[in-house]
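Below is one structure, written out as structure tokens, with a few remarks after it.
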Amino acid sequence: MQVLIPIIYPIIDSSLVTLDNIGKTAEAIIDGGAKILQLRAKSLSSKEFLETALIIRKITKDKGTVFIVNDRVDIALLTDADGVHLGQGDLPVKEARRLLGNNKIIGYSTHNLREALEAVRLPVDYISFGPIFPTKTKEDTQTPKGLKGLSEVRKAVEIPIVAIGGITETNMAHVLKEGVESVAMISEILTSLDISKKLNRLIAIAKDRLKTEGCRR
Ligand code: TZP
Ligand code: MG
């Protein structure tokens, strides 16, 4: 499926928001203008993950925001999410595609050129690539690939790329300049005092970037 991944890709990580606050956080992100939202919930039980995903599904559906579930094809199916984001160790992409059908989005994490080149032969709609910069959000993450690593992958693959890892309001323009379709952010958004205003600013920077040469979308 040919999908356009919105340029700002917020991710709610359950380790940075209390369970009670996840719904409100999703609302703030969407009120700020986000067109896509992923729920990443390594710290929740399956039951909590499903309940939280149902809450976010309702909010995102009402606002027409794309909803992506991290890791879990079962939870994506049960909540009628728009798609799933899979890691290298999750359910294989081909099997996930069999379960989800062709109308759902599948994103796939990559961390180096080899993984990115492998990913383009799989039934995925976009790849994430990172970490670009150091990050505290993902503990088991690999060494940062920097803008140089990102540039190498951008030149090698046509598939939409979502850059991730240590991306902030301050450095996002440099990342977008490498020609990626989208930038994913967790802590930059979730630790902000006014999440909606943060989204407003991120979107304004992205739009500004789009006007300038060197950006694909
Ligand atoms: N995958 C690679 S880095 C990362 C993930 C999930 C964490 C990104 O979090 P942050 O807070 O935006 O650096
Ligand atoms: Mg995963």
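At an R0 of 30 angstrom, the distance between the Cβ atoms of K94 and A156 translates into a FRET efficiency of 0.85.
When the charge dipole of the chain is built from unit charges on Cβ atoms (+1 for Lys and Arg, -1 for Asp and Glu) and taken about the Cα centre, the candidate among S182, L50, A26 whose Cα reaches farthest toward its positive end is S182. Site pair T170 and N102 shows an inter-label distance of 4.7 nm when each label is modelled 7 Å from Cα along Cα→Cβ. For segment 122-207, applying the loop criterion from DSSP together with a ceiling of 12 other beta carbons within 10 Å to the trypsin sites (Lys or Arg not before Pro) yields K136.
Which FRET efficiency value, to the nearest 0.05, is calculated for K207 and S46 with the Förster distance at 30 angstrom and r the Cβ-Cβ distance? About 0.20, to the nearest 0.05. Label separation (R121 vs L19): 4.3 nm, computed from points 7 Å beyond Cα along the C-beta direction. For I105, the residues whose modelled amide H falls within less than 5 Å of its own, excluding neighbours fewer than 5 places apart on the same chain, are G83, V84. Surface composition of the chain: carbon plus sulfur atoms contribute 53% of the solvent-accessible area (1.4 Å probe, protein chains only, all chains present). Placing +1 on the Cβ of every Lys and Arg and -1 on the Cβ of every Asp and Glu, with no other charges, gives segment 21-90 a dipole of roughly 120 debye about its Cα centre. Which of the lysines could be linked to K145 by a straight reach, that is with a Cα gap under 28 Å, when you skip same-chain ones fewer than 8 residues away? Partners within reach: K35, K42, K94, K136, K155, K177, K198, K207, K211.
Each residue of segment 129-135 is assigned a 3J(HN,Hα), and the resulting list reads 9, x, x, 6, 10, x, 9 Hz, derived from the Karplus form 6.51 cos²θ - 1.76 cosθ + 1.60 (θ = phi - 60°), x at Gly and Pro. Solvent-accessible surface of the chain, averaged per residue with a 1.4 angstrom probe and all protein chains in place: 48 square angstrom. The mean sequence separation of alpha-carbon pairs under 8 Å and at least six residues apart, normalised by the residue count of the chain, gives a relative contact order of 21 percent. Taking the average, over residues, of other Cβ atoms within 10 Å as the packing measure, peptides 9-16, 54-61 rank 9-16, 54-61 from highest down.
The values are calculated or read from the model by the stated rules, or taken from the named source; none is laboratory data. Just so you know, these numbers come straight off a predicted model, no measurement behind them. All Cβ positions, glycine included, derive from the backbone under ideal geometry; neighbour counts span all protein chains shown. Please note that ligands, DNA and RNA were not included when accessible areas were found on the heavy atoms of the full protein model with its side chains. Shrake-Rupley method; radii C 1.70, N 1.55, O 1.52, S 1.80 Å.
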